[in-house]
Amino acid sequence: MTLTLAELAAFITSQGIPCTVDGDASVPIRAVATLEEAGEGQVSFLSNPKYEGQLATTRAAAVFVKPEVAAQQKMTLVRTPDPYAAVTAAIVRLHGYRRHPQWGLSDRAAIAKTAQVGAKANIGPGVYIAENVILGDNATVYPGVYIAQGCRIGRDVTLYPNVVIYDGCVLGDRVTIHAGSVIGEDGLGYAPVGEKWVKIPQIGSVIIGDDVEIGANCTIDRATLGNTAIGSGTKFSNLVAIGHGTRIGEDCMFVAQVGVAGSVQVGRHVTMAGQAGIVGHITIGDHATVGAKAGVTNSVEPGVTVLGQPAVPIKDCRRQIAIVQRLPEIKNEIRRLRQDIDRLREQIQNDVEPPP
Amino acid sequence: MTLTLAELAAFITSQGIPCTVDGDASVPIRAVATLEEAGEGQVSFLSNPKYEGQLATTRAAAVFVKPEVAAQQKMTLVRTPDPYAAVTAAIVRLHGYRRHPQWGLSDRAAIAKTAQVGAKANIGPGVYIAENVILGDNATVYPGVYIAQGCRIGRDVTLYPNVVIYDGCVLGDRVTIHAGSVIGEDGLGYAPVGEKWVKIPQIGSVIIGDDVEIGANCTIDRATLGNTAIGSGTKFSNLVAIGHGTRIGEDCMFVAQVGVAGSVQVGRHVTMAGQAGIVGHITIGDHATVGAKAGVTNSVEPGVTVLGQPAVPIKDCRRQIAIVQRLPEIKNEIRRLRQDIDRLREQIQNDVEPPP
Amino acid sequence: MTLTLAELAAFITSQGIPCTVDGDASVPIRAVATLEEAGEGQVSFLSNPKYEGQLATTRAAAVFVKPEVAAQQKMTLVRTPDPYAAVTAAIVRLHGYRRHPQWGLSDRAAIAKTAQVGAKANIGPGVYIAENVILGDNATVYPGVYIAQGCRIGRDVTLYPNVVIYDGCVLGDRVTIHAGSVIGEDGLGYAPVGEKWVKIPQIGSVIIGDDVEIGANCTIDRATLGNTAIGSGTKFSNLVAIGHGTRIGEDCMFVAQVGVAGSVQVGRHVTMAGQAGIVGHITIGDHATVGAKAGVTNSVEPGVTVLGQPAVPIKDCRRQIAIVQRLPEIKNEIRRLRQDIDRLREQIQNDVEPPP
């Protein structure tokens, strides 16, 4: 798709993100690129003032910038209060979302007779859909996906290659799961008998809400009883592990390699940064933020940001870290205090003791 | 399956877990559920006194409780010293373990002529079994599984979808591997030549004992020479990484995202909590416990629980953490000590100096 | 393959690793094994003096050792300045690299008409190669691999089972990707609109250089714009996560469960130990080393080794850890300082106060 810069700016403005072109608005635009890589026919953006120097060297046809950015020689600027939102709209307009291969119902897919597959299904070769699965309209199911018996899956879902969904899981509408993720495997449910572990049948399930997107190679345990739940609108990056019986609220954002143990209650719009972990049986309040690599061992109040291992409110963590980094110095001060006291004591004793 | 509560209690008692019904033992029971979700025909359990308040609101037909729990109005209790074990037995009796689809030998599976597949094999479409594989009786192999040449696999194994087993690995009887796990990939074995890395053929293998269960999307490196070994009865959760040449004892329990580097010796019945890691070439004694997110850099004696980074015995770690969290206070105390000393010194000098 | 020890030593010497046999050089050698497991016809090696005791008990036919190791009774030694390099050469000579099954172009693979597959391709059943893929000569593609539209892949690549490569990714020559890894999935790219997350099309790609080897179940995000890049010669272990737009230099070595957030610049020959993590938008200099479990929150200068959370130069980290471990002792010293000061103060006041 190619638009003039004027047309593109008008479109973005129509999306609620006002744009004004400072320069030649007739230039044709066909793509979005980074400042570094953009060339003829490509727009770019400057969101972080740290990179403002690149405005002088970029070969982009135009650049989305904040209103206060100074005019550049020979460079067309598009001024907007939110360059990031503007470029997002430009990407959607010029490039759109991924277009999937069209398989219809591949004759190399294995679909059980009792499975109900909705209209306009796009099912690749090597897909396996087991007994009594219900799959909504407009599903795109890539090769190598396995959907076990009794799963109920909404409409407009996209399951990328080699996703595995165990029996009886429920997925909402517009769910996207990236390649290799596994939904509904058994959790670590064993009863100890002496030193042996006796497996407890994991008869619960997983319920995933609408508009959830899950990254690649994640694992979401089914519950022992009841359900593990992922709230609508929640987004996961890759290699995220969710334990059995954990319930995660709506619109959360979990970065790569996050791990949440079992029976945790996570509120809505909670952010977990990379490699953070949460122990079992605690509660994370709405809008809480868990910093990268934090190890959360106690419940977190709504709106609080925690960091560290064990995680504490971020202000406390930062103060602790600052002091830990000054510990060598503190140790020296303690040594000096000891010397000073000894010297004082000696002095006092000299003062007090009668001269010989 | 439906039983009366009396029949269910009698069954559980027969399993060595004594139960007595306090209420209507004739009520029909067909399922186990959580206190929150249970309704007619469903039993639940109360193991943690923290949730005792839910006894007043649950709609369960009966609840397994400890003997000391007070009688409830209108609620049938089943008293037993171990409600968790009782409910495990009830789940097994009423629900049983997962029932797999029955494929026989799918004609969409690719099985090499030299492979030996045991009796009653249940091999799904899209499975690949390479040359000279030996697969024992009663195997269930889900779609998308790849078993490379020369693997020897025991009887009654279950390999969930998209499991990959590299060449020459050995699995015992009743091994279960969840979806997407990879067994026997090459470890990070390279010889440095200048700044380049020259690959060392990884000619070792992986040996997995009987009754091992491995979660989803785990990775277990083959050894460079000899074997990586997972002892019988050991259970892994998801996204666990085991390095080349590491040997893990029997009946261990590893929680999600645990990582063990290469050439580690792990004893028997070792517990590793989530996201814990162990560096290479050390030894973890029998019955040791590694806390969540711990980073183990030195060998651990049998029976010891370690925590922290670097991991130390848990008592020491907790003491360190408690003090670190009080460091701001300690820093203030040091400042006060300095002031007090200065004041004392001044006072002494005033005392000693002759008045002007 | 079987050689005499003399022939094997001559071969290794010819590779630039001088070897001299101290003992019977006519003994036939057919394999390499560990000191513990080696027997007749097998050579082993002693690189770490810590294991020298095993020389007395090994049943190996000969052992590669450093020149200074004392002669052993009844044990043939092969003296060489670099036993590890020597044994690597011996493994390559006697065992060679993995031999793949030979499928030619399996008729159970799905290859788009517009895909260009190079000469001598070895494509297993259940492989899917989408429209406009270019795949170089001598590719080995195992069952269950999915290569999306428009990928360009060099020659002599090996893609193990169930690898998934999203659309438009570029792989160099001699790239190896182990089972279950996913290349080019969408990163966490969303624009916040109120509390909702609006997906930003991820129109960038991934570029992987020559001679890269990637472990099992890794995930490498495509860039939002431009490319995520992995430099030639870099090696990853398993379960590694790379964020969108991150660029990693040549000849790096990343151990299992490493995570690098988005928009990070990693230099060449950087080592990251297990479970280490790097936050977004920073730079790691050439030849830097990131210790196990380190959490890197600031850019790292070339050649520096960092450790801890937040990561600091290793000397500082070790000093901090040493002091933290002595904190209980330090706390006691502070208490004693307080007591001593109080005592001194009292003493001074007694001295100063007139007797009653």
Checklist outcome for this item: Per the filter on region C:158-176, residues away from chain B (no Cβ under 11 Å) and in a loop (DSSP other than H, G, I, E, B) are C:Tyr166, C:Asp167, C:Gly168, C:Cys169, C:Gly172, C:Asp173, C:Val175
Next on the checklist: Name the residue that is nearest to C:Val182 (Cα to Cα), counting only residues in region A:109-123 that are among the aliphatic types (A, V, I, L, M) and assigned to a loop (DSSP other than H, G, I, E, B).
Outcome noted: A:Ala109
Item to check | Looking only at region C:107-151, and only at residues there that are surrounded by fewer than 19 Cβ atoms within 10 Å (Cβ to Cβ) and either in contact with a Phe, Trp or Tyr (Cβ under 9 Å, 6 or more places away or on another chain) or of a type in the set (S, T, N, Q) (or both), the one that is nearest to the other protein chains (Cβ to nearest Cβ) | outcome: C:Ala112
Item to check | Residues being of a type in the set (D, E, K, R), within 20 Å of B:Ala179 (Cα to Cα) and assigned to a loop (DSSP other than H, G, I, E, B) - total across region B:129-157 | outcome: 2
Checklist outcome for this item: Sole miss for C:Gly245 among (1) buried (at least 24 other Cβ atoms within 10 Å of the Cβ); (2) away from chain A (no Cβ under 12 Å); (3) at positive phi is condition (2)
Next on the checklist: Looking for something part of a loop (DSSP other than H, G, I, E, B), facing another protein chain (nearest Cβ under 7 Å) and over 20 Å from A:Phe236 (Cβ atoms) - is there at least one such residue anywhere in region A:334-348?
Outcome noted: no
Checklist entry - Are there any pairs, at least 6 apart or on different chains, whose C-beta atoms fall under 6 Å, with the first in region C:177-192 and of a type in the set (A, V, I, L, M, F, W, C) and the second at pLDDT below 95, and if so, which? => result C:Ala191/A:Ala85; C:Ala191/A:Thr88; C:Ala191/C:Val198
Checklist outcome for this item: Restricted to region C:182-240 and to residues being at the interface with chain A (Cβ under 8 Å from one of its Cβ atoms) and charged (D, E, K, R), the residue surrounded by the most Cβ atoms within 10 Å (Cβ to Cβ) is C:Asp221
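Considering only residues that are touching a residue at least 12 places away in the same chain (Cβ under 8 Å) and within 16 Å of C:Val87 (Cβ to Cβ), which ones fall in region C:1-17? Spell out the reasoning first.
Filtering region C:1-17 for residues touching a residue at least 12 places away in the same chain (Cβ under 8 Å) gives C:1-6, C:8-9, C:11-12, C:15, C:17.
If the condition is that a residue be touching a residue at least 12 places away in the same chain (Cβ under 8 Å) and within 16 Å of C:Val87 (Cβ to Cβ), then C:Met1, C:Leu3, C:Leu5, C:Leu8, C:Ala9, C:Phe11, C:Ile12, C:Gln15, C:Ile17 are the ones that fit.
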Next on the checklist: Going through A:Ser181, A:Ser205 one at a time, which residue ends up being in contact with a strand residue (DSSP E or B) (Cβ under 7 Å, 6 or more places away or on another chain), of a type in the set (S, T, N, Q) and under 24 Å from B:Tyr146 (Cβ atoms)?
Outcome noted: A:Ser181
Checklist entry - Which condition breaks for C:Gly274 when tested against (1) part of a strand (DSSP E or B); (2) on the phi < 0 side of the Ramachandran plot? => result (1)
Next on the checklist: Given (1) in contact with a helix residue (DSSP H, G or I) (Cβ under 7 Å, 6 or more places away or on another chain); (2) without any contact (Cβ under 8 Å) to a residue 24 or more places away in the chain; (3) buried (at least 20 other Cβ atoms within 10 Å of the Cβ), identify the lone condition not met by B:Gly291.
Outcome noted: (2)
Checklist outcome for this item: C:Ala71 meets each of (1) aliphatic (A, V, I, L, M); (2) within 14 Å of chain B (Cβ to nearest Cβ); (3) surrounded by fewer than 23 Cβ atoms within 10 Å (Cβ to Cβ) with one exception, condition (2)
Checklist entry - Within region C:12-35, is even one residue basic (Lys, Arg) and in contact with a Gly (Cβ under 8 Å, 6 or more places away or on another chain)? => result yes
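Results for (1) modelled with pLDDT under 95; (2) not aliphatic (A, V, I, L, M), shown as yes or no for each residue.
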{"position": "B:Val175", "(1), (2)": "no, no"}
{"position": "B:Ser181", "(1), (2)": "no, yes"}
{"position": "B:Pro192", "(1), (2)": "yes, yes"}
{"position": "B:Lys196", "(1), (2)": "no, yes"}
{"position": "B:Asp210", "(1), (2)": "no, yes"}
{"position": "B:Arg222", "(1), (2)": "no, yes"}
{"position": "B:Ala229", "(1), (2)": "no, no"}
{"position": "B:Thr234", "(1), (2)": "no, yes"}
{"position": "B:Ile242", "(1), (2)": "no, no"}
Checklist entry - Can you tell me which residues in region C:27-60 are more than 14 Å from every other protein chain (Cβ to nearest Cβ) and touching a Lys or Arg at 6+ places or on another chain (Cβ under 9 Å)? => result C:Glu40, C:Gly41
Checklist outcome for this item: Residue pairs qualifying under the 7 Å Cβ cut-off, at least six apart or on distinct chains, with the first in region C:133-148 being of a type in the set (S, T, N, Q) and the second being at pLDDT below 95, are none
Checklist entry - Within the group B:Gly23, B:Gly16, which residue is surrounded by 15 or more Cβ atoms within 10 Å (Cβ to Cβ) and at positive phi? => result B:Gly23
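If we only count strands (runs of 3 or more DSSP E) wholly inside region C:1-108, which ones have 3 or more residues that are more than 32 Å from the chain's Cα centre (by Cα)?
Values: elements: C:20-22, C:42-45, C:62-65, C:77-79.
In region C:1-108, the matching strands (runs of 3 or more DSSP E) lie at C:20-22.
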Checklist entry - Within the bounds of region C:296-309, is there any residue that is crowded, with 20+ Cβ neighbours inside 10 Å, within 30 Å of C:Ile278 (Cα to Cα), facing another protein chain (nearest Cβ under 10 Å) and hydrophobic (A, V, I, L, M, F, W, C)? => result yes
Checklist entry - Can you tell me which residue in region B:149-180 is nearest to B:Ile129 (Cα to Cα), limited to those that are small (Gly, Ala, Ser) and in contact with a Ser or Thr (Cβ under 7 Å, 6 or more places away or on another chain)? => result B:Gly168
Checklist entry - On the given criteria, is A:Gly126 under 30 Å from A:Thr20 (Cβ atoms) and part of a loop (DSSP other than H, G, I, E, B)? => result no
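Quick one: which of C:Ile314, C:Ile278, C:Ile282 is more than 10 Å from chain B (Cβ to nearest Cβ) and buried (at least 21 other Cβ atoms within 10 Å of the Cβ)? Explain how you work it out, then say what you get.
Details: C:Ile314 fails: buried (at least 21 other Cβ atoms within 10 Å of the Cβ); C:Ile282 fails: buried (at least 21 other Cβ atoms within 10 Å of the Cβ).
Being more than 10 Å from chain B (Cβ to nearest Cβ) and buried (at least 21 other Cβ atoms within 10 Å of the Cβ) holds for just one of C:Ile314, C:Ile278, C:Ile282, which is C:Ile278.
The values are calculated or read from the model by the stated rules, or taken from the named source; none is laboratory data. Note that the coordinates shown come from a computational prediction; the quantities given were computed from them, not determined experimentally. Virtual Cβ from ideal backbone geometry, glycine too; neighbours counted across all protein chains shown.
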